[in-house]
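FYI, it's all coordinate maths here, none of it is from the lab. All values reported here derive from a predicted model rather than from experimental measurement. Cβ: placed from backbone, ideal geometry, glycine included. Neighbour counts: every protein chain shown.
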Ligand code: ATR
């Protein structure tokens with residue numbers, strides 16, 4: 001029996017998950033197919049319940065279903081519950097369990113691809129939406145010195161900062177245009193963009209979330225946007241002499257973690273990287 005896996009999203013034209021997940025199944029000789037399951041919000045519940053049949057291995061979940069899918073599952077893993085978003089559905093004894101591997105993918109990329117040690121580091125994170133929540137919960141499991149959450153809508157940053165006040169040694173919120181952001185950036189070891197600013201065909205295509213002058217030369221700039229590979233923020237960071245990390249590693253590592261949850265096997269990460277780059 002050929003097992004089935006796939007990703008729920010709407011629309012899904014942009015997804016490269018099928019390319020690198022299929023490459024992983026094929027490389028390990030697992031008889032499974034991974035497809036883009038473009039599913040409208042109205043049809044999500046029915047589509048998810050199909051996973052209960054024996055030939056389904058599991059699924060990924062992306063925009064706009066990461067929050068709404070929770071109501072179609074039997075249980076939610078504690079980290080996914082805290083983040084408030086599910087990106088992976090795993091079957092355990094016939095039950096559908098929601099997981100979130102974005103936080104892992106975010107942290108693993110820093111450690112493995114940028115060789116960045118988080119312990120004692122000062123972090124500025126731009127954004128306060130779903131992607132920011134996964135990143136912040138990942139950071140909360142590391143021993144960072146401080147976190148500044150900078151966002152267009154200050155209230156959203158403040159709400160996330162106060163939610164994390166018990167999890168982090170020091171956490172503050174700031175507006176994207178405040179002078180405080182300039183001070184925080186000048187002291188930062190790591191600046192992260194978790195917004196869609198700079199994303200190809202997105203509403204802020206070609207833009208950077210912060211002014212180039214705010215980027216210190218001795219920091220790492222991490223943009224979780226993966227298309228284009230060279231976002232305006234990363235180009236600015238390079239001109240400023242800073243180190244850079246793009247979003248493709250996070251995408252691959254969150255996918256590798258999902259693959260391992262479904263199959264119980266070590267994901268062939270390098271194979272997945274090659275397929276992902278090829279698909280872009
Ligand atoms: P996701 O789940 O992908 O993170 P989201 O929950 O809609 O998406 O969050 C988007 C984030 O990007 C938010 O922090 C949003 O800022 P607001 O809280 O002010 O809405 C930010 N964002 C999106 N587009 C932006 C833009 N053009 N300029 C500044 N911030 C933007």
For segment 166-270, Kirkwood radius (reciprocal of mean inverse C-alpha pair distance, Å): 15.2 Å
Take the alpha-carbon centre of segment 230-255, take the same for segment 203-217, and report the distance between them in whole Å. 12 Å
extent check for the chain: Cα max minus min per principal axis, descending, whole Å, gives 58, 36, 34
For segment 1-78 and segment 129-167, distance of Cα centres in Å: 28 Å
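Just the number, please: Stokes-Einstein D of segment 103-246 in µm²/s, Kirkwood Rh from C-alpha pairs, 37 °C, 0.692 mPa s.
Details: Rh = 14.7 Å.
Calculated translational D: 223 µm²/s.
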What is the fewest-to-most order of 88, 263, 231, 39 by other Cβ atoms lying within 10 Å of their Cβ? 263, 39, 88, 231
Tail fraction, Cα-Cα pairs, segment 11-161, threshold 21 Å, whole percent: 53 percent
Taking every DSSP bridge whose two residues both lie in the chain, the antiparallel percent to the nearest 5 is 20 percent
Volume per residue that the Cα convex hull of segment 1-77 spans, once the total is divided by residue count, Å³: 93 Å³
